[in-house]
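Encoded as structure tokens, the structure appears first; notes follow it.
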Amino acid sequence: MIQRPFFNLGRRPQLPYPVLSQDALGALKDLPPPDRAVLLYKGPGLAGASPSIKRGDGVRTGQRLLLESGGAAPLVATVTGRVADISSQRGNLGKTYSSIGIDVTPRDEQDGEFFKIHKEGSPEQMLGYLEALPGMPSLSPLLPKAGPVRILIISGMDRDLLITSNQFLLKTETDALAEGIQRLKEMTQPDRIIMAVPPGSVSDAEKTGAEISVVRPFYPNGNPRLIVKDALKKAVPMNKSLEEAGIAFLGVDAVIALQPALVKGEIPIHRVVTVVNKDMGAIHARARVGTPVRKVLEALNIETGHGDRVVIGGPMTGRTLYAEDEPVLFDTEGILVQDRSHILPVSDTHCLNCGECVRVCPARIPVNILIRFLENRLYQDAVDVCDLSYCIECGLCSYVCPARIPIFHYIALGKHEFAQQMAEEAAHA
Amino acid sequence: MPDQKLYLVSYAPYWHNGSSVRARSYDYILAALPAVFMGILQYGVPAFRVVAFSVSCAVLWELLLNKAMKKPVTIVDGNAAVIGLLLAMMLPATAPWWAVLIGALAAILVGKWVYGGLGCNPLNPPMVAFAMLMLSWKGVVDFNAALVNFDLGFDMAYPPASLKYFGASAVEDFTVWGLLMGRQSGGIGTTFGLGLIAGGLYLILRGHVRWEIPASFIAGILITASLFHVSDPARYGAPIFHLLTGSTLLAAFFLIGEDSSSPVNRIPMFLYGALGGFLTVLIRSIGIYPDGVVFAVLLINICNPLLDKIRPKAFGKGAQDA
């Protein structure tokens, strides 16, 4: 935990990203494949539909599982085994997930479908297939289409503090990265390719041949919107998605994951995660996608106890787990274990109006007024008067709040509730 | 399942910089102590009596109101103690017990809780209380009358009053060093300029007081007072005299920067402070009150919500949807 300096003169907190140096990378620990893998599909998937797979079905590595009849909601398996369990889960803010448990057989059997697509199919088909890997970000922004100048931005920054998986991959798998970028370039023909990296990784990033944008390694500069603004010297308006502005944004981890698929037609099955122990020591581990967090912690001898916090992601924006059954997916950058003695409770004190949050907010939102609207559930006013929708979700407001109001939680709830209100109004219009 | 392992689930972020309301309050108290000690040193037991009674009354009123309103007990956050202390610092050492008791009630109830408590008050609570005392019982806060029986070895006339009623020649004997060292009559904690400046700097360095507010307030005082002084040096005091007398320094570092009643954006903070300084000198020079700070502070407090509407455009907010 980074404490406030005793004399801070009202300056914003300087929260440095950890910077890996070449000689202090540490070893990469390979984790054994799990006995039971879990794959998550982020979407309604199984809700109300009859999936084309059922318990007891055999699954091969790289096989596309269709969770709804008619071919919708595909999910690509990263293990070989037998389906043991299909269920639906609830996540934060009412999101639903489909979860498929697979009893893993030790020997991998490859499914041939993707290899065929790689040989004969179009880039659309290939990327569409890969997009269905569990936790893979949307790849459709990569595809060539008419519109503004198309820019591919690859981030070598990690999204959150303590997490160093992108930096680690950038330094250890530079060749694979360069190859992956080259292949993406041939396939999708972007007008510019920019790599955003911390100062220590510039020489590695140069090997990829992309344009370089150096990011000051202080939180929240790893945020995609801020990286885009840094790289293009112009912010994308918040009412436009990056995709609409012609920007495809991928992390180094995603490019590394895509590389074997794009180059050799092999379905990727691993990802490197940063596991941060209670003493904040970080280990880089390569896990089979689908490995439950429990297995990762067991393999690394990290013990957790009652009342601790286990977070997927980093300390500022991660997501807590209530059970260790959640798996490592392609978007799992890190796992953070926090001892219960390090947890500060939040409070329901009123906002003091001290303005710390206003001064720290990278989006320049009047958080002190916003929190008053949000506490009173005036979401429309929060959007109209206080720019709720312009929040880039860095979590710094909660981090600095002396009243310890869970501001970021209120903001997330506010955005969710407002979106629901809008959807309801649209339905009744 | 008594021994089941359950994790704590909460929303991000999972880190906090460790700041708290309580730490802020205690820092305020710590920063105010030099000026308070000087007051007690000068006026002795009567001053100590007022300080102790004011702080205890404020905390007790807060506790009673918490209980009466069935709210969680908030005295541990130290805000009530700060309000009591700041009120005592503005009062003369001879303030009668009932005035302190009523002042503390006014500060906690009328200044703070009628609006919903900490962070909801539009006006500075100790200032509200002081204004009420001043308007209701003139004699209580008339420093010339209240301190008539004290002789501390310097001119015991209240400097702003002397300036107002007898012109600049009446205050010629006050030296800057003397004013800084508290050789002037006034409220218990308002006379020791050096102590107030030291405390104020501490609060600014700690980040509890935004430097923009005291800086622009002092600039406002100096500039406005210079203009008056230049126009008629015999009638209007020197700028530095305005800065070091009355409760100007206390207001600059401890009162106008109070979180809830002051703006948080940069340009509004400058406007707010400068307006406060301007009004203070204006009331002192052409108003009817010797010390203009009280009403200047309350007036700028009222401007705060309006001023704070001046703010930068949000990140990624284009002209088309402004």
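The charge dipole of region B:104-218, taken about the Cα centre with unit charges on the Cβ atoms of Lys, Arg (+1) and Asp, Glu (-1), comes to about 440 debye, rounded to the nearest 20. Averaging 1/r across all pairs of distinct Cα atoms in region B:163-216 and inverting the result yields a Kirkwood radius of 12.9 Å. Given in Å, the Rg to one decimal and the Dmax to the nearest whole number for the Cα atoms of chain A are 21.8, 64. Accessible-area rank, largest first, for A:V19, B:V148: B:V148, A:V19, with all protein chains present and a 1.4 angstrom probe. Summed over both chains, the accessible area lost when B and A associate is about 5300 Å², using a 1.4 Å probe.
Based on the Kirkwood approach, the hydrodynamic radius assigned to chain B is 20.5 Å, with every pair of different Cα atoms included. Across region B:29-85, the mean sequence separation of Cα contacts (distance under 8 Å, 6 or more residues apart), normalised by length, yields a relative contact order of 37 percent.
Considering only B:N149, A:L67, A:V289, and ranking their Cα positions along the charge dipole of the protein assembly as shown that arises from unit charges at the beta-carbon of Lys, Arg, Asp and Glu, the one farthest toward the positive end is B:N149. Straight-distance candidates among the lysines for linking to B:K313, with alpha-carbon spacing under 21 Å and chain neighbours fewer than 8 residues away dropped: A:K229, A:K233, A:K234, A:K240, A:K415. Shielding value for A:223-234 is 1, the average number of Cβ atoms from other chains within 10 Å of each residue's Cβ. Ligands, DNA and RNA left out, the 1.4 Å accessible surface of chain A is 51% carbon and sulfur atoms.
Using C-alpha pairs under 8 Å with a sequence gap of at least 6, the mean separation divided by the residue count of region B:21-307 gives a relative contact order of 20 percent. Entry note, region A:78-233: relative contact order of 17 percent, from Cα contacts under 8 Å with a spacing of 6+ residues. Put simply, when A:100-108, B:206-214 are sorted by average Cβ atoms within 10 angstrom per residue, most first, you get B:206-214, A:100-108. Dividing the summed helix terms, -39500 (n - 2.57) for each DSSP H run of n ≥ 4, by the number of residues in chain A produces a 222 nm estimate of -8000 deg cm²/dmol to the nearest 500. Accessible area ranking (1.4 Å probe, heavy atoms, ligands and nucleic acids excluded), largest first, for B:K317, A:K54, A:K295: A:K54, A:K295, B:K317. The HN-Hα couplings worked out from phi for region B:82-97 by the Karplus form 6.51 cos²θ - 1.76 cosθ + 1.60 (θ = phi - 60°) are 4, 4, x, 5, 5, 4, 4, 5, 7, 7, x, 5, 9, 3, x, 4 Hz, whole numbers, x standing for Gly and Pro. With a/c under 1.5 counting as rounded, go ahead and sort the protein assembly as shown into rounded, prolate or oblate using the C-alpha gyration tensor (a ≥ b ≥ c being the square roots of the eigenvalues; past the cut-off, prolate if a/b is larger than b/c, else oblate). Cα axes put the protein assembly as shown in the prolate bin.
Surface composition of region B:21-307: carbon plus sulfur atoms hold 74% of the accessible area, using a 1.4 angstrom probe and ignoring ligands, DNA and RNA.
Across region B:119-125, rounded Karplus estimates of 3J(HN,Hα) from the backbone phi angles (6.51 cos²θ - 1.76 cosθ + 1.60, θ = phi - 60°) give x, 10, 6, x, 10, 6, x Hz, Gly and Pro being marked x. Counting, for every residue in B:117-130, the Cβ atoms of other protein chains within 10 Å of its Cβ and taking the mean gives 2.
Rolling a 1.4 Å probe over the protein heavy atoms gives chain B an accessible area of 40 Å² per residue. Legend: mean number of C-beta atoms from other chains within 10 angstrom of residue C-beta atoms, peptide B:254-266, equals 4.
Accessible area per residue (1.4 Å probe, heavy atoms of protein chains only) ranks A:V214, B:V100 as A:V214, B:V100, with the largest value leading.
Only protein heavy atoms count here; under a 1.4 Å probe, A:C354 has an accessible surface of about 10 Å². Where the alpha-carbon atoms of region B:106-152 are placed on the principal axes, they occupy 43, 22, 12 Å, in descending order. The trypsin sites (Lys or Arg not before Pro) of region B:1-81 that DSSP puts in a loop, and whose beta carbon has at most 16 other beta carbons within 10 Å, are B:K5, B:K70.
The string of couplings for region B:166-182 from the Karplus curve (6.51, -1.76, 1.60, θ = phi - 60°) is 10, x, 5, 5, 6, 10, 4, 6, 6, 9, 4, 4, x, 5, 4, 8, x Hz, one whole number per residue in order, with x for Gly and Pro. Among the protein heavy atoms, those of B:V51 account for about 20 Å² of accessible surface (1.4 Å probe, every chain in place). Here's how it looks for A:Y17: its modeled amide H is under 5 Å from those of A:F218, A:Y219, which are all 5 or more places away or on a different chain. What chain A shows is 42 Å² of accessible area per residue, with the surface traced by a 1.4 Å probe over protein heavy atoms. Magnitude of the charge dipole for region B:21-307, about its Cα centre and with charges confined to Cβ atoms of Lys, Arg (+1) and Asp, Glu (-1), is about 680 debye. Amide H contacts of A:S155: A:A196, A:L250, A:G251, A:V252, each under 5 Å away and 5 or more positions distant or on a separate chain (H built 1.01 Å from N in the peptide plane; Pro and chain starts excluded).
Once the partner protein chains are put back, region A:370-404 shows a loss of at least 30 square angstrom of accessible area, versus the chain by itself, at A:D387, A:Y390, A:Y399, A:P402, A:R404 (probe 1.4 Å, ligands and nucleic acids excluded). Taking the Cα centre of chain A as reference, the dipole from Cβ charges on Lys and Arg (+1) and Asp and Glu (-1) amounts to some 580 debye. For region B:21-307, lysine pairs separated by 8 or more sequence positions, or belonging to different chains, with Cα-Cα distances below 30 Å total 5.
The values are calculated or read from the model by the stated rules, or taken from the named source; none is laboratory data. Keep in mind that this is a model prediction, so the values were computed, not measured. Methodologically, a virtual Cβ is constructed for each residue, glycine included, from the backbone with ideal geometry; neighbour enumeration extends over all protein chains shown. Surface areas here come from the heavy atoms of the whole protein model, side chains and all, with no ligands, DNA or RNA. Shrake-Rupley method; radii C 1.70, N 1.55, O 1.52, S 1.80 Å.
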